[in-house]
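These notes are about the structure you will find just below.
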Amino acid sequence: MLSRQAKDTIVKGLIYFSAASTVGILAVILGFIIIKGLPGLSIDFLTRDYEDNTTYVYSELLETQEGNSTEGYSERLGITLDFDEENGLVIAEIDKDSPVRNALDGNDEKYTVKKGDILTRIGDLRIDREFKELDSKDEKAAAEFVQKAIDEIDAVKEDSVRLRVVRIGGGIVPMAVTTIYMIILSLMIAGPVGILSAVYLNEYARPGKIMTTIHFAIKNLAGIPSIIYGLFGSLFFVQILKMQYSLLAGALTISIILLPTIIATTEETLKSIPKTYRESSLGLGATKLQTISRVILPNALPGILVAVLLSIGRIVGESAALLLTAGTVAQIPHALFGNSASGATLTIKAYTLMKEENDLTSACAIGIVLLVIIIAINVASKLITNKFLKKKGI
Amino acid sequence: MEVNKKPKFEVNNLNLFYGDFQALKNINMNISSNEITAFIGPSGCGKSTFLKTINRMNDLVPGVRIDGSIKLDGLDIYSDIDVIKLRQRVGMVFQQPNPFPMSIYDNVAYGPRIHGIKKKSVLDEIVEKSLRQAAIWDEVKDRLKRNAIGVSGGQQQRICIARALAVQPEVILMDEPTSALDPISTQKIEDLAVELKKDYTIIMVTHNMQQASRISDKTAFFLSGEVIEFGETGQIFSNPRDKKTENYITGRFG
């Protein structure tokens, strides 16, 4: 028979062990994501398009003055070219008055060539082919390769030249933009609907069977796995309403997922507003609507903001539902619905990168970005709550 | 003289039910202008319920049913006057000081604003006048932009009175306005009530019998939803006609 003290020690040990292992697991996960993802994280990763982008552009040429220019500098285009072991001929520097800043693409629309773009063709010179035949270890050959390109530009007799420019991808810009679109659109749909529903439930609806049923439904909706919403969305929005894999189909599906949370959080906030505010407003001859819009909602604002922030977290983290409704294409959606409206959010891309391309580093790098967003949201909602409590003097 | 004066409120055979429970039984009462009428009685006797019926705040309670009539200047408050209009004419001050969590200025300007006054100069004027009437202008004139929650309870209550005055009511209902306040603040509110009756009709529910005897002109004693006795305050306190009234005011129960 163990003494009471020994039992106490054992139980205490178990408690400490559980707490420590929880924290430990969290630390291991975070550490894993950060260690695996950090090598993939760079400015390029955060600022570049996902796919390489090849464009033919026409650029005017400047007059040469036959001066002794620095190595790799093309006077006629006002750019400095450099040799890159991976990609070939890269634009290292662009002058302020360089004509390539105002180059035109095939549709006569302005296409601004940027630093870091790759030239694969100048006029008729196939730089990409030259690059393939080149021994990249040979520094002399590399210098000649750059010089050949510059000579080719100098040799052009017309006052403009056609260039093939490749903008290297590998970044997450499209996914980031899609995520932001998804956040804005979902909140635009679920925000007003959710807040107004909460106002109805708390301010207008009479308690009774119907109210109980609605609350029961809301509670249960919040617990349904998102894949089920995804299945519904892909059947209803994508197929029946013919939206195809699109931003709107995704946002509508997400909105349904968000509604229970927004309604419940807002309703909690509305409930916490003292009844006396309503009484004194009505007692002054205000209508119910005036009372809601001038006293209730302004006071509920911090709570509503927290609901919105939680929703943003949910949108950023959602994968299953979006996979089936918004698609996995790494592009910025060009429409709300239809053919070109598909787009993958960061989370979806992390999934497909791992699943289809086996690119753990990039997936984890996205993971870091997501972690930063989620932590920022949590801090923000904490700050808002604290400020609200302070204002109320609690 | 009293007989010829037209009453502000005429209450006839008023009954009020919360579901099956009858909270007010056959109330008949005439309330005169420019007087303070006090309602006294033990807890749960219906005095607050009756007060809230006068500006239809009871409408907010689910399951309330009313029969009989209350007339304000001869017009039935349930059928002849719009509830919004009624509450504008019959303002209310509550038991707990309950300013909105906004600036003192915005609190007082709330009423005029919801009734459509937007002009800053007009609002400024109303705010100052109301705060002066509520005898708090000098204390808060330098901090009108401060949050009203930050001042003392007594000041909050006077701000609430100013807020009620700002919509230019004819009647002010006060539901135990000093029960949450200290003696000095109570004194101020009482002085204020006496001052205000020159321009307004005041109906006050109070638990404090000294308060009723100090400041009111008429007193009604409620018990179990009925008005046991209603008359001149002096008479009620010195020479009650009903035994129950006497028992209550001498502190034998309640």
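Bear in mind these aren't lab numbers, they're just calculated from the coordinates by the rules spelled out. Note that the structure is predicted; figures quoted are calculated from it, not measured. We place every Cβ from the backbone using ideal geometry, glycine too, and count neighbours over all the protein chains shown.
Mind pulling the angle between the C-alpha long axis of helix A:173-199 and the longest principal axis of chain A? Nearest 10 degrees, somewhere in 0 to 90.
20 degrees
How big is the antiparallel share of DSSP beta bridges in the stretch B:158-231, given as a percent to the nearest 5?
On the way: 5 of 10 bridges.
Here the share of antiparallel DSSP bridges comes out near 50 percent.
Taking a point 7 angstrom from the Cα of A:E93 along the C-beta vector, which residues in the stretch A:150-170 have backbone N less than 18 Å away?
Answer for this model: A:150-151.
Alpha carbon centre of the stretch B:172-197 versus the stretch B:214-236: separation in Å?
Each part's Cα centre sits 18 Å from the other's.
Could you pull out the pairs from A:K288/B:K118; B:K52/B:K119; B:K71/B:K145; B:K129/B:K197 whose alpha carbons sit more than 28 Å apart here?
Details: A:K288/B:K118 20 Å; B:K52/B:K119 32 Å; B:K71/B:K145 40 Å; B:K129/B:K197 16 Å.
Exceeds cut-off: B:K52/B:K119; B:K71/B:K145.
Would you mind checking the radius of gyration and Dmax of the stretch B:123-254 based on alpha-carbon positions, in Å?
Computed over the Cα atoms of the stretch B:123-254, radius of gyration and Dmax are 16.9, 53 Å.
For q = 0.10 Å⁻¹, what log10 I(q)/I(0) does chain A give under the Debye formula with an equal point scatterer on each alpha carbon and no solvent?
Computed log10 I(q)/I(0) values: -0.87.
Which is the longest stretch in chain A that no exposed loop site breaks, taking sites as GluC sites (Glu not before Pro) with a DSSP loop state and at most 11 other Cβ atoms within 10 Å?
The longest uninterrupted stretch comes out as A:159-356.
Between A:A380 and A:L196, take the C-beta separation as r, use R0 = 22 Å, and let me know the FRET efficiency to the nearest 0.05.
Working: r = 24 Å, r/R0 = 1.09.
Approximately 0.35, to the nearest 0.05.
Treat the count of other C-beta atoms within 10 Å as a stand-in for reagent exposure and order B:C45, B:C160 from fewest to most.
Values: B:C45 23, B:C160 28.
Ordered from fewest to most neighbouring Cβ atoms within 10 Å, B:C45, B:C160 come out as B:C45, B:C160.
Per DSSP helix of 4 or more residues, -39500 (n - 2.57); summed, then divided by the residues of chain A. What does that give at 222 nm, rounded to the nearest 500? Before the final figure, lay out each step's value.
Details: 14 runs with 221 residues, N = 394.
For chain A, the value works out to -18500 deg cm²/dmol.
Give the calculated FRET efficiency between B:D138 and A:K219 to the nearest 0.05, with a Förster radius of 60 Å applied to their Cβ-Cβ distance.
Numbers: r = 54 Å, r/R0 = 0.89.
Given R0 = 60 Å and the Cβ-Cβ separation, E is 0.65.
Quick one: in the stretch A:52-167, what % of C-alpha pairs are over 24 Å apart?
Numbers: 1182 of 6670 pairs.
Considering the stretch A:52-167, 18 percent of its Cα-Cα pairs are separated by more than 24 Å.
Give me the dipole magnitude in Debye, nearest 20, for chain A about the Cα centre, with unit charges on the beta carbon: positive for Lys and Arg, negative for Asp and Glu. All intermediate terms of the calculation are to be shown ahead of the outcome.
Working: 39 positive and 42 negative charges, 865 e Å.
For chain A, the charge dipole is close to 4160 debye.
Take the Cβ-Cβ distance between A:Y204 and A:N339 as r, set R0 to 56 Å, and report the resulting FRET efficiency rounded to the nearest 0.05.
Efficiency, rounded to the nearest 0.05: 0.85.
What do you get for trypsin sites (Lys or Arg not before Pro) in the stretch A:110-178 restricted to DSSP loop and a cutoff of at most 14 other Cβ within 10 Å of the site's Cβ? Don't jump to the answer; show the numbers that get you there.
Values: sites: A:K110, A:K114, A:K115, A:R121, A:R126, A:R129, A:K132, A:K137, A:K140, A:K148, A:K157, A:R162, A:R164, A:R167; in loops: A:K114, A:K115, A:K137, A:K157.
Answer by residue number: A:K114, A:K115, A:K137, A:K157.
Convex hull over the Cα atoms of the stretch A:282-352, averaged projected area in nm²?
Working: hull surface 28.4 nm².
The directionally averaged projection comes out at 7.1 nm².
Relative to the longest principal Cα axis of chain B, at what angle does helix B:153-165 sit, 0 to 90 degrees, rounded to 10?
Value to nearest ten degrees: 90.
Straight distance only, please: which lysines reach the Cα of A:K148 with their own Cα at less than 18 Å, same-chain residues fewer than 8 apart left out?
Those lysines meeting the cut-off are A:K132, A:K137, A:K140, A:K157.
In what order do B:K25, B:K118, B:K218 fall by count of nearby beta-carbon atoms within 10 Å, going from fewest to most? Don't jump to the answer; show the numbers that get you there.
Details: B:K25 14, B:K118 8, B:K218 23.
The fewest-first ordering by Cβ neighbours comes to B:K118, B:K25, B:K218.
Residue farthest toward the positive end of the dipole of chain A, with Cβ of Lys/Arg at +1 and Asp/Glu at -1: which of A:M188, A:I34, A:A363?
Result: A:M188, furthest along the dipole toward the positive end.
Which Rg and Dmax, in Å, describe the Cα atoms of chain B?
In order Rg, Dmax, the Cα atoms of chain B give 18.2, 56 Å.
When the convex hull of the Cα atoms of the stretch A:173-392 is projected onto a plane and the area is averaged over all directions, what value comes out in nm²? Display every interim value, and only then the final one.
Values: hull surface 54.3 nm².
It is 13.6 nm².
Angle between the Cα long axis of helix A:247-272 and the longest principal axis of chain A, 0 to 90 degrees, nearest 10?
40 degrees
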